Amino acid sequence: MRILTTTGGAPHSDSAIRLAAYLAETTGASIVLLTIIKTESTRVQAEAILTRATALLASTIEVQRKVRLGQPAGQIVREAREGNYDLLILGERVHHGLTRHILAPTAERVLEQMPCPVLIARGQARPLKRLLLCESGRDPSLLNRFMSQLKPLLVAADALTLLHVMSQMAAGPGVPGWELRADAEELMEEHTPEGRLLEGDLKRLKQLGMHLEARVRHGLVVQEILEEARTGDYDLVVIGAHQRKGWERVLLDDLAQAIVDHADRPILVV
């Protein structure tokens with residue numbers, strides 16, 4: 001697995017580097033440390049930033065250092081695409097007041113283009129042992145995408161909770177009322193579409209030997225995912241996102257963007 005992480009020398013960048021270091025140590029991944037400069041006159045300072053960042057990594061980790069010239073978001077996306085990375089880890093500057101969880105412009109612009117799965121590092125870096133994977137029911141399933149792109153990260157975890165939110169606003173016509181109140185076990189026993197999705201995911205994950213749980217919450221999707229993430233004290237929240245292309249501006253789904261903006265812990269967008 002190849003990980004790209006960026007640094008500008010600030011504390012929030014250190015959180016991303018430490019998270020990358022943990023993943024490298026547990027999965028055997030290699031790391032590329034990238035910093036962006038606006039003019040060649042600052043290259044010496046950039047090299048000093050990379051030297052300091054490298055010191056945060058264990059000597060056993062395979063690391064490469066890169067400097068790119070240009071606008072930060074554009075250069076990060078370009079490097080991620082050209083380097084064929086499996087994962088991009090971004091630090092996030094701490095905000096206060098009403099905007100404390102809103103993404104900084106660089107991270108937001110990178111996410112809009114999603115060159116590969118993106119992990120937003122929030123708070124102090126800690127082992128990613130308890131994962132919350134938020135299945136929407138879209139095809140291909142989030143678990144399929146996660147396993148095909150980032151299985152080493154999944155294998156390194158100890159426990160995983162599959163979450164599906166049953167929203168009355170999103171329910172199609174003819175959905176029985178009991179389904180909008182049922183828990184995961186009831187949905188699986190009755191073989192509803194959501195129950196089959198969760199049951200299939202659990203079956204695929206069983207081979208990994210981790211603690212597994214399926215949960216269903218009822219209400220507004222963003223609110224329920226954020227509440228589950230907070231009360232369950234997960235180390236990482238995993239969500240999926242589809243992008244609009246063509247004449248539409250490339251965006252994350254509105255729901256995915258809202259979750260990314262307001263989550264209070266590391267969040268992985270696949």
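Between rounded, prolate and oblate, where does segment 184-227 land on the alpha carbon gyration tensor, with a ≥ b ≥ c its root eigenvalues, rounded for a/c under 1.5, else prolate if a/b exceeds b/c? It is oblate, given that a/c is not under 1.5 and a/b is not larger than b/c.
Once the 1.4 Å probe is applied to the protein heavy atoms, the chain comes out at 49 Å² accessible per residue.
Mind sorting out which of [x] 114; [y] 135; [z] 125 is the real volume of the Cα convex hull per residue in Å³ computed from the coordinates? The calculated read-out lines up with [y].
Hey, how many Å between the Cα centroid of segment 176-243 and the Cα centroid of segment 111-157? Their Cα centres are 15 Å away from one another. Placing +1 on the Cβ of every Lys and Arg and -1 on the Cβ of every Asp and Glu, with no other charges, gives segment 130-242 a dipole of roughly 440 debye about its Cα centre. With both residues required to sit in the chain, DSSP beta bridges show an antiparallel share near 5%. For the chain, the fraction of 1.4 Å probe accessible surface lying on carbon and sulfur atoms is 50 percent. For the chain, the longest principal axis of the alpha carbon atoms and the long axis of helix 221-232 meet at an angle near 80°. The peptide list 60-73, 18-31, put in order of mean Cβ contacts within 10 Å with the highest first, becomes 18-31, 60-73.
The values are calculated or read from the model by the stated rules, or taken from the named source; none is laboratory data. The model shown is predicted, which means the values in this text are computed figures rather than measured ones. Quick reminder, even Gly has a Cβ in these numbers, built from the backbone with ideal geometry, and neighbours come from all protein chains shown. Side chains included, ligands, DNA and RNA excluded: accessible areas come from the protein's heavy atoms. Shrake-Rupley method; radii C 1.70, N 1.55, O 1.52, S 1.80 Å.
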